[in-house]
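Down below is the structure, laid out as structure tokens.
The values are calculated or read from the model by the stated rules, or taken from the named source; none is laboratory data. Just so we're clear, the structure is a prediction, and the values are computed from it rather than from any experiment. No Cβ is skipped: glycine too gets one built from the backbone with ideal geometry, and neighbour counts run over all protein chains shown. Ligands, DNA and RNA are excluded from the accessible area calculation, which covers all protein heavy atoms including side chains. Shrake-Rupley method; radii C 1.70, N 1.55, O 1.52, S 1.80 Å.
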Amino acid sequence: KCLVCHSNPPMMMAPFSLAIFEDTQAPYGMRQRWERMAEVIESGFMPLKGSLNCDEKKLLLDWLHGCAQPAPAGMGCE
């Protein structure tokens, strides 16, 4: 749902791509992008139009609050 705007290249004035895991780990000012992601998702600012259901939002925030670690080998989307 994030990739509608946070694609590579970003669309709709999104400030950065989130197309691959490494994008979430990139610096964002004095912190990491995943930290900013947690802030805007918790506040409801993102995703636009509230496109995450409660379970999706909880899953994503749990991952972000766990420091956005990579999936164990064999457990990712690839």
Item to check | Number of the exception - Pro72 against (1) farther than 20 Å from Cys5 by Cα; (2) open to solvent by less than 70 Å² (accessible area, probe 1.4 Å) | outcome: (2)
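If I go through the range 29-62 residue by residue, how many of them are surrounded by fewer than 15 Cβ atoms within 10 Å (Cβ to Cβ) and free of Cβ contacts under 8 Å to residues at least 24 places away in the same chain?
Here the count works out to 17.
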